[in-house]
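A.B. asks: Right, I'll just put the structure down here and ask away after.
The values are calculated or read from the model by the stated rules, or taken from the named source; none is laboratory data. This structure is a prediction, so every number in the text was calculated from the model and none was measured. All Cβ positions, even for glycine, are placed from backbone atoms using ideal geometry, and neighbour counts span all protein chains on display.
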Ligand SMILES: *Cc1c(COP(=O)(O)O)cnc(C)c1O
(Lines give C-alpha, C1' and ligand atoms only; values in the text may rest on other atoms or scores of the structure.)
Protein backbone atom coordinates (compact mmCIF):
# COMPACT_ATOMS: atom_id res chain seq x y z
CA UNK A 1 0.00 0.00 0.00
CA UNK A 2 2.78 2.46 0.86
CA UNK A 3 5.20 1.53 -1.91
CA UNK A 4 3.39 0.11 -4.90
CA UNK A 5 5.66 -2.43 -6.64
CA UNK A 6 8.78 -0.47 -5.80
CA UNK A 7 7.50 2.73 -7.38
CA UNK A 8 8.10 4.65 -4.16
CA UNK A 9 4.48 5.80 -4.33
CA UNK A 10 1.57 4.75 -2.21
CA UNK A 11 -1.67 3.68 -3.83
CA UNK A 12 -3.22 6.96 -2.69
CA UNK A 13 -0.45 9.11 -4.18
CA UNK A 14 -0.46 7.84 -7.75
CA UNK A 15 -2.65 9.34 -10.47
CA UNK A 16 -5.87 7.47 -11.11
CA UNK A 17 -5.05 7.90 -14.80
CA UNK A 18 -1.73 6.10 -14.46
CA UNK A 19 -1.13 2.64 -15.84
CA UNK A 20 -0.33 1.52 -12.31
CA UNK A 21 -3.75 2.44 -11.01
CA UNK A 22 -5.32 0.96 -14.14
CA UNK A 23 -3.84 -2.38 -13.09
CA UNK A 24 -5.24 -2.01 -9.56
CA UNK A 25 -8.70 -1.31 -10.95
CA UNK A 26 -8.47 -4.27 -13.34
CA UNK A 27 -7.45 -6.54 -10.50
CA UNK A 28 -10.46 -5.51 -8.40
CA UNK A 29 -12.80 -6.09 -11.34
CA UNK A 30 -11.23 -9.45 -12.21
CA UNK A 31 -11.56 -10.51 -8.57
CA UNK A 32 -15.27 -9.78 -8.47
CA UNK A 33 -15.85 -11.25 -11.91
CA UNK A 34 -14.22 -14.55 -11.05
CA UNK A 35 -15.63 -14.88 -7.52
CA UNK A 36 -19.18 -14.19 -8.73
CA UNK A 37 -18.74 -16.21 -11.95
CA UNK A 38 -20.07 -13.29 -13.95
CA UNK A 39 -21.03 -13.86 -17.57
CA UNK A 40 -19.06 -11.92 -20.23
CA UNK A 41 -21.91 -9.54 -20.94
CA UNK A 42 -21.89 -7.99 -17.47
CA UNK A 43 -20.08 -4.75 -16.69
CA UNK A 44 -18.73 -3.96 -13.25
CA UNK A 45 -18.96 -0.34 -12.11
CA UNK A 46 -17.46 1.27 -9.02
CA UNK A 47 -19.51 4.21 -7.81
CA UNK A 48 -19.56 6.61 -4.89
CA UNK A 49 -22.62 7.40 -2.77
CA UNK A 50 -23.25 4.03 -1.12
CA UNK A 51 -26.00 1.58 -1.90
CA UNK A 52 -28.41 4.37 -1.01
CA UNK A 53 -27.48 6.43 -4.07
CA UNK A 54 -28.47 3.44 -6.19
CA UNK A 55 -32.01 3.71 -4.81
CA UNK A 56 -32.17 6.84 -6.99
CA UNK A 57 -29.90 5.89 -9.90
CA UNK A 58 -31.70 2.63 -10.64
CA UNK A 59 -35.07 4.22 -11.45
CA UNK A 60 -33.35 7.15 -13.21
CA UNK A 61 -31.47 4.77 -15.50
CA UNK A 62 -33.86 1.87 -15.90
CA UNK A 63 -37.32 3.43 -15.96
CA UNK A 64 -37.23 4.08 -19.65
CA UNK A 65 -40.15 2.02 -20.91
CA UNK A 66 -43.53 2.03 -19.19
CA UNK A 67 -41.98 3.88 -16.23
CA UNK A 68 -43.49 1.24 -14.01
CA UNK A 69 -41.44 -0.89 -11.66
CA UNK A 70 -42.25 -3.43 -9.02
CA UNK A 71 -40.60 -3.54 -5.62
CA UNK A 72 -40.79 -6.73 -3.64
CA UNK A 73 -40.33 -5.45 -0.09
CA UNK A 74 -39.21 -7.84 2.64
CA UNK A 75 -37.68 -5.37 5.09
CA UNK A 76 -36.42 -1.92 5.96
CA UNK A 77 -33.96 -1.36 3.12
CA UNK A 78 -36.42 -2.48 0.46
CA UNK A 79 -38.97 -0.05 1.89
CA UNK A 80 -36.49 2.76 1.56
CA UNK A 81 -35.53 1.78 -1.98
CA UNK A 82 -39.20 1.77 -3.02
CA UNK A 83 -39.86 5.12 -1.44
CA UNK A 84 -36.95 6.78 -3.21
CA UNK A 85 -37.85 5.21 -6.55
CA UNK A 86 -41.37 6.55 -6.30
CA UNK A 87 -39.93 10.03 -7.01
CA UNK A 88 -39.30 8.84 -10.58
CA UNK A 89 -42.21 6.75 -11.71
CA UNK A 90 -45.00 4.38 -10.84
CA UNK A 91 -43.90 1.98 -8.17
CA UNK A 92 -46.01 -1.03 -7.32
CA UNK A 93 -45.02 -2.45 -3.96
CA UNK A 94 -45.38 -6.13 -3.24
CA UNK A 95 -45.23 -5.96 0.53
CA UNK A 96 -44.31 -9.18 2.26
CA UNK A 97 -44.94 -7.93 5.81
CA UNK A 98 -47.20 -9.94 8.08
CA UNK A 99 -48.83 -8.11 11.00
CA UNK A 100 -46.66 -5.15 10.12
CA UNK A 101 -43.47 -7.16 10.50
CA UNK A 102 -40.98 -8.41 7.99
CA UNK A 103 -40.20 -11.86 9.22
CA UNK A 104 -40.47 -13.99 6.11
CA UNK A 105 -39.84 -14.20 2.39
CA UNK A 106 -42.49 -15.27 -0.13
CA UNK A 107 -41.96 -18.46 -2.12
CA UNK A 108 -41.15 -17.98 -5.76
CA UNK A 109 -44.42 -19.61 -6.84
CA UNK A 110 -46.50 -17.22 -4.72
CA UNK A 111 -45.25 -14.28 -6.77
CA UNK A 112 -46.64 -12.73 -9.91
CA UNK A 113 -45.17 -9.75 -11.66
CA UNK A 114 -46.49 -7.09 -14.02
CA UNK A 115 -45.17 -8.26 -17.42
CA UNK A 116 -44.82 -4.65 -18.55
CA UNK A 117 -42.77 -3.46 -15.59
CA UNK A 118 -39.40 -1.96 -16.51
CA UNK A 119 -37.84 -4.03 -13.74
CA UNK A 120 -38.47 -5.84 -10.46
CA UNK A 121 -36.40 -4.83 -7.43
CA UNK A 122 -35.74 -6.82 -4.28
CA UNK A 123 -33.27 -7.03 -1.40
CA UNK A 124 -31.58 -10.42 -1.15
CA UNK A 125 -30.77 -9.95 2.53
CA UNK A 126 -32.57 -7.49 4.78
CA UNK A 127 -29.76 -6.40 7.05
CA UNK A 128 -31.83 -4.75 9.76
CA UNK A 129 -34.63 -7.31 10.01
CA UNK A 130 -32.40 -10.35 9.48
CA UNK A 131 -34.46 -11.82 6.65
CA UNK A 132 -32.79 -13.46 3.65
CA UNK A 133 -33.87 -15.03 0.38
CA UNK A 134 -32.53 -18.53 -0.08
CA UNK A 135 -33.20 -18.47 -3.83
CA UNK A 136 -32.41 -16.24 -6.81
CA UNK A 137 -35.61 -14.48 -7.78
CA UNK A 138 -37.05 -15.25 -11.19
CA UNK A 139 -39.34 -12.58 -12.63
CA UNK A 140 -40.37 -14.35 -15.84
CA UNK A 141 -38.22 -12.29 -18.16
CA UNK A 142 -38.62 -8.91 -16.47
CA UNK A 143 -35.18 -7.55 -15.54
CA UNK A 144 -34.38 -8.41 -11.92
CA UNK A 145 -32.55 -5.76 -9.89
CA UNK A 146 -31.14 -6.81 -6.55
CA UNK A 147 -29.72 -4.95 -3.57
CA UNK A 148 -27.21 -7.51 -2.32
CA UNK A 149 -25.31 -5.12 -0.04
CA UNK A 150 -25.28 -7.42 2.95
CA UNK A 151 -24.95 -10.87 1.41
CA UNK A 152 -22.99 -10.43 -1.80
CA UNK A 153 -20.01 -12.85 -1.91
CA UNK A 154 -21.38 -14.69 1.14
CA UNK A 155 -22.95 -17.46 -0.93
CA UNK A 156 -23.23 -18.30 -4.63
CA UNK A 157 -25.65 -16.19 -6.67
CA UNK A 158 -26.75 -17.32 -10.11
CA UNK A 159 -25.49 -14.20 -11.87
CA UNK A 160 -27.35 -15.07 -15.08
CA UNK A 161 -30.62 -14.35 -13.32
CA UNK A 162 -29.87 -10.73 -12.52
CA UNK A 163 -30.04 -7.73 -14.80
CA UNK A 164 -28.41 -5.59 -12.14
CA UNK A 165 -26.88 -6.45 -8.77
CA UNK A 166 -25.54 -3.74 -6.51
CA UNK A 167 -23.88 -3.61 -3.12
CA UNK A 168 -22.27 -0.99 -0.93
CA UNK A 169 -18.80 -2.45 -0.38
CA UNK A 170 -18.58 -2.10 3.37
CA UNK A 171 -20.18 -5.35 4.49
CA UNK A 172 -18.56 -8.10 2.42
CA UNK A 173 -16.43 -6.49 -0.30
CA UNK A 174 -14.15 -3.84 1.16
CA UNK A 175 -14.15 -0.45 2.86
CA UNK A 176 -17.03 2.00 2.77
CA UNK A 177 -17.04 4.69 0.13
CA UNK A 178 -17.47 2.57 -2.95
CA UNK A 179 -20.44 0.68 -4.33
CA UNK A 180 -20.25 -2.18 -6.79
CA UNK A 181 -22.85 -2.27 -9.58
CA UNK A 182 -22.96 -5.29 -11.88
CA UNK A 183 -25.11 -4.54 -14.90
CA UNK A 184 -26.11 -6.60 -17.94
CA UNK A 185 -24.81 -4.70 -20.94
CA UNK A 186 -28.06 -4.60 -22.92
CA UNK A 187 -29.59 -2.48 -20.15
CA UNK A 188 -27.03 0.21 -20.88
CA UNK A 189 -28.67 0.75 -24.27
CA UNK A 190 -32.02 1.53 -22.69
CA UNK A 191 -30.79 4.35 -20.50
CA UNK A 192 -32.56 7.60 -21.32
CA UNK A 193 -30.46 10.36 -22.87
CA UNK A 194 -29.71 13.52 -21.00
CA UNK A 195 -29.07 12.18 -17.51
CA UNK A 196 -26.52 14.09 -15.43
CA UNK A 197 -23.25 12.40 -16.48
CA UNK A 198 -22.23 11.18 -13.04
CA UNK A 199 -25.64 9.54 -12.60
CA UNK A 200 -25.58 7.81 -15.98
CA UNK A 201 -24.46 4.16 -15.87
CA UNK A 202 -23.61 4.24 -19.57
CA UNK A 203 -21.29 7.19 -19.13
CA UNK A 204 -19.67 5.56 -16.10
CA UNK A 205 -19.20 2.29 -17.97
CA UNK A 206 -17.75 4.06 -21.01
CA UNK A 207 -15.24 5.78 -18.73
CA UNK A 208 -14.24 2.58 -16.96
CA UNK A 209 -15.73 3.78 -13.63
CA UNK A 210 -13.58 6.89 -13.86
CA UNK A 211 -15.60 9.78 -15.27
CA UNK A 212 -13.89 11.56 -12.38
CA UNK A 213 -11.50 10.47 -9.63
CA UNK A 214 -12.79 7.27 -8.03
CA UNK A 215 -12.14 6.06 -4.48
CA UNK A 216 -8.74 4.61 -5.36
CA UNK A 217 -7.97 3.32 -1.87
CA UNK A 218 -11.25 1.43 -1.54
CA UNK A 219 -10.83 -0.08 -5.02
CA UNK A 220 -7.32 -1.26 -4.10
CA UNK A 221 -8.72 -2.84 -0.93
CA UNK A 222 -11.43 -4.64 -2.93
CA UNK A 223 -8.67 -6.35 -4.92
CA UNK A 224 -7.08 -7.54 -1.67
CA UNK A 225 -10.38 -8.74 -0.21
CA UNK A 226 -10.97 -10.73 -3.39
CA UNK A 227 -7.51 -12.33 -2.99
CA UNK A 228 -8.36 -13.21 0.62
CA UNK A 229 -11.67 -14.72 -0.37
CA UNK A 230 -10.00 -16.79 -3.09
CA UNK A 231 -7.55 -18.09 -0.48
CA UNK A 232 -10.52 -19.20 1.62
CA UNK A 233 -11.68 -21.25 -1.35
CA UNK A 234 -13.98 -18.66 -2.91
CA UNK A 235 -17.64 -17.94 -2.43
CA UNK A 236 -18.58 -21.64 -2.39
CA UNK A 237 -16.23 -22.32 0.53
CA UNK A 238 -17.10 -19.22 2.56
CA UNK A 239 -20.79 -20.06 2.09
CA UNK A 240 -20.25 -23.29 4.00
CA UNK A 241 -18.49 -21.48 6.82
CA UNK A 242 -21.23 -18.85 6.90
CA UNK A 243 -23.86 -21.57 7.00
CA UNK A 244 -22.13 -23.24 9.92
CA UNK A 245 -21.68 -19.96 11.83
CA UNK A 246 -25.36 -19.03 11.45
CA UNK A 247 -26.63 -22.51 12.18
CA UNK A 248 -24.95 -22.78 15.54
CA UNK A 249 -26.05 -19.31 16.57
CA UNK A 250 -29.69 -20.04 15.69
CA UNK A 251 -29.37 -23.36 17.50
CA UNK A 252 -28.27 -21.47 20.63
CA UNK A 253 -31.35 -19.25 20.32
CA UNK A 254 -33.71 -22.17 19.72
CA UNK A 255 -32.36 -24.21 22.61
CA UNK A 256 -32.71 -21.40 25.18
CA UNK A 257 -36.25 -22.37 26.27
CA UNK A 258 -37.58 -19.04 25.02
CA UNK A 259 -35.02 -16.89 26.83
CA UNK A 260 -33.88 -15.74 23.38
CA UNK A 261 -36.48 -15.46 20.65
CA UNK A 262 -35.43 -15.46 17.00
CA UNK A 263 -37.10 -12.77 14.91
CA UNK A 264 -37.23 -14.19 11.39
CA UNK A 265 -39.25 -17.23 10.40
CA UNK A 266 -36.87 -20.21 10.28
CA UNK A 267 -37.17 -20.52 6.49
CA UNK A 268 -36.10 -16.88 6.02
CA UNK A 269 -33.35 -16.63 8.61
CA UNK A 270 -30.41 -14.56 7.49
CA UNK A 271 -26.95 -16.10 7.53
CA UNK A 272 -25.43 -12.64 7.83
CA UNK A 273 -27.58 -10.82 10.39
CA UNK A 274 -28.97 -12.89 13.22
CA UNK A 275 -31.78 -10.95 14.92
CA UNK A 276 -33.41 -11.92 18.18
CA UNK A 277 -35.12 -10.55 21.26
CA UNK A 278 -35.05 -11.07 25.00
CA UNK A 279 -38.07 -10.69 27.23
CA UNK A 280 -37.92 -6.95 27.70
CA UNK A 281 -35.91 -3.94 26.63
CA UNK A 282 -34.18 -3.53 29.98
CA UNK A 283 -32.85 -7.06 29.77
CA UNK A 284 -31.73 -6.46 26.18
CA UNK A 285 -29.89 -3.36 27.31
CA UNK A 286 -28.15 -5.34 30.06
CA UNK A 287 -27.30 -8.07 27.57
CA UNK A 288 -25.60 -5.55 25.25
CA UNK A 289 -23.70 -3.83 28.04
CA UNK A 290 -22.41 -7.03 29.58
CA UNK A 291 -21.56 -8.43 26.16
CA UNK A 292 -19.49 -5.33 25.47
CA UNK A 293 -17.60 -5.84 28.70
CA UNK A 294 -16.89 -9.38 27.54
CA UNK A 295 -15.44 -7.99 24.29
CA UNK A 296 -18.51 -8.68 22.15
CA UNK A 297 -19.34 -5.43 20.38
CA UNK A 298 -21.99 -4.17 18.01
CA UNK A 299 -24.86 -6.37 19.17
CA UNK A 300 -27.43 -3.64 19.66
CA UNK A 301 -30.13 -3.93 17.00
CA UNK A 302 -30.51 -1.14 14.44
CA UNK A 303 -31.68 2.11 16.02
CA UNK A 304 -35.01 1.88 14.19
CA UNK A 305 -35.59 -1.70 15.16
CA UNK A 306 -34.31 -2.57 18.63
CA UNK A 307 -33.57 -6.07 19.87
CA UNK A 308 -30.26 -7.79 19.32
CA UNK A 309 -28.47 -8.24 16.03
CA UNK A 310 -25.34 -10.26 15.49
CA UNK A 311 -23.85 -9.35 12.11
CA UNK A 312 -21.61 -12.19 11.08
CA UNK A 313 -20.30 -11.16 7.68
CA UNK A 314 -17.59 -13.02 5.76
CA UNK A 315 -14.82 -11.36 7.77
CA UNK A 316 -16.29 -12.29 11.14
CA UNK A 317 -14.44 -15.32 12.53
CA UNK A 318 -16.14 -18.48 13.66
CA UNK A 319 -14.41 -18.17 17.06
CA UNK A 320 -16.33 -14.92 17.55
CA UNK A 321 -19.59 -16.78 17.05
CA UNK A 322 -18.46 -19.45 19.51
CA UNK A 323 -17.60 -16.76 22.08
CA UNK A 324 -21.02 -15.16 21.63
CA UNK A 325 -22.79 -18.49 22.11
CA UNK A 326 -20.83 -19.10 25.31
CA UNK A 327 -21.76 -15.65 26.58
CA UNK A 328 -25.44 -16.16 25.69
CA UNK A 329 -25.59 -19.43 27.63
CA UNK A 330 -23.91 -17.92 30.63
CA UNK A 331 -26.12 -14.79 30.54
CA UNK A 332 -29.29 -16.89 30.28
CA UNK A 333 -28.21 -19.09 33.19
CA UNK A 334 -27.69 -15.99 35.36
CA UNK A 335 -30.88 -14.21 34.30
CA UNK A 336 -33.32 -16.97 33.35
C1 LIG B 1 -26.10 -1.22 4.43
C2 LIG B 1 -27.17 -1.36 3.41
C3 LIG B 1 -27.60 -0.29 2.59
C4 LIG B 1 -27.04 1.10 2.75
O5 LIG B 1 -25.76 1.19 2.31
P6 LIG B 1 -25.00 2.60 2.22
O7 LIG B 1 -23.75 2.19 1.52
O8 LIG B 1 -24.80 3.08 3.61
O9 LIG B 1 -25.83 3.53 1.42
C10 LIG B 1 -28.56 -0.54 1.64
N11 LIG B 1 -29.10 -1.75 1.49
C12 LIG B 1 -28.73 -2.79 2.26
C13 LIG B 1 -29.37 -4.12 2.05
C14 LIG B 1 -27.76 -2.62 3.23
O15 LIG B 1 -27.39 -3.66 4.01
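A.B. asks: Taking the options 38, 25, name whichever one is more than 26 Å from residue 196 (Cα to Cα), assigned by TED's automatic domain parsing to the domain that holds residue 221, modelled with pLDDT of 95 or more and more than 16 Å from the ligand (Cβ to nearest atom).
C.D. replies: Testing whether each residue is more than 26 Å from residue 196 (Cα to Cα), assigned by TED's automatic domain parsing to the domain that holds residue 221, modelled with pLDDT of 95 or more and more than 16 Å from the ligand (Cβ to nearest atom) leaves just 38.
A.B. asks: If a residue must be out of contact with any strand residue (DSSP E or B) (no Cβ under 9 Å at 6 or more places or on another chain) and buried (at least 16 other Cβ atoms within 10 Å of the Cβ), how many such residues does the stretch 65-94 contain?
C.D. replies: Adding up the residues that qualify gives 2.
A.B. asks: Report the residue count in the stretch 44-62 for those that are touching a helix residue (DSSP H, G or I) at 6+ places or on another chain (Cβ under 9 Å) and either free of Cβ contacts under 8 Å to residues at least 60 places away in the same chain or part of a helix (DSSP H, G or I) (or both).
C.D. replies: 12
A.B. asks: Considering only the stretch 125-138, how many residues are in a loop (DSSP other than H, G, I, E, B) and more than 8 Å from the ligand (Cβ to nearest atom)?
C.D. replies: 8
A.B. asks: Restricting to the stretch 55-66, name every residue that is under 14 Å from residue 117 (Cα atoms) and within 16 Å of the ligand (Cβ to nearest atom).
C.D. replies: 58, 59
A.B. asks: Continuing with the same structure: Give the number of residues within the stretch 279-307 that are surrounded by 13 or more Cβ atoms within 10 Å (Cβ to Cβ) and either assigned by TED's automatic domain parsing to the domain that holds residue 126 or closer than 18 Å to residue 128 by Cβ (or both).
C.D. replies: Qualifying residue count, the stretch 279-307: 9.
A.B. asks: Does residue 51 fit the bill of being closer than 18 Å to residue 153 by Cα and either in contact with a strand residue (DSSP E or B) (Cβ under 9 Å, 6 or more places away or on another chain) or surrounded by fewer than 16 Cβ atoms within 10 Å (Cβ to Cβ) (or both)?
C.D. replies: Yes, satisfied.
A.B. asks: Mind listing whichever residues of the stretch 302-315 are closer than 19 Å to residue 263 by Cβ and touching a helix residue (DSSP H, G or I) at 6+ places or on another chain (Cβ under 8 Å)?
C.D. replies: Result: 302, 304, 305, 306, 307, 308, 310, 312.
A.B. asks: Considering only the stretch 139-239, give the helices (runs of 4 or more DSSP H) lying wholly within it that have at least 2 residues that are exposed (fewer than 15 other Cβ atoms within 10 Å of the Cβ).
C.D. replies: In the stretch 139-239, the matching helices (runs of 4 or more DSSP H) lie at 185-188, 216-231.
A.B. asks: Separate question: When you scan the stretch 224-258, how many residues do you find that are over 18 Å from the mean Cα position of the chain (by Cα) and over 24 Å from residue 310 (Cβ atoms)?
C.D. replies: Total satisfying the criteria: 4.
A.B. asks: Still on this model: Can you find a residue in the stretch 205-218 that is under 19 Å from residue 58 (Cβ atoms), over 19 Å from the mean Cα position of the chain (by Cα) and within 16 Å of the ligand (Cβ to nearest atom)?
C.D. replies: Checking the stretch 205-218: not a single residue is under 19 Å from residue 58 (Cβ atoms), over 19 Å from the mean Cα position of the chain (by Cα) and within 16 Å of the ligand (Cβ to nearest atom).
A.B. asks: While we're looking at this one, here's another question. Only one of (1) farther than 19 Å from residue 58 by Cβ; (2) in contact with a helix residue (DSSP H, G or I) (Cβ under 8 Å, 6 or more places away or on another chain); (3) within 12 Å of the ligand (Cβ to nearest atom) is not met by residue 168, so which one is it?
C.D. replies: (1)
A.B. asks: Hey, another quick one. Report yes if some residue within the stretch 36-43 is without any contact (Cβ under 8 Å) to a residue 40 or more places away in the chain and either assigned to a strand (DSSP E or B) or surrounded by 13 or more Cβ atoms within 10 Å (Cβ to Cβ) (or both); otherwise report no.
C.D. replies: No; the residues of the stretch 36-43 include none that is without any contact (Cβ under 8 Å) to a residue 40 or more places away in the chain and either assigned to a strand (DSSP E or B) or surrounded by 13 or more Cβ atoms within 10 Å (Cβ to Cβ) (or both).
A.B. asks: Among the numbered criteria (1) in a helix (DSSP H, G or I); (2) more than 16 Å from the ligand (Cβ to nearest atom); (3) touching a residue at least 40 places away in the same chain (Cβ under 8 Å); (4) more than 27 Å from residue 213 (Cα to Cα), which single criterion is violated by residue 69?
C.D. replies: Looking at each condition in turn, residue 69 falls short on (1).
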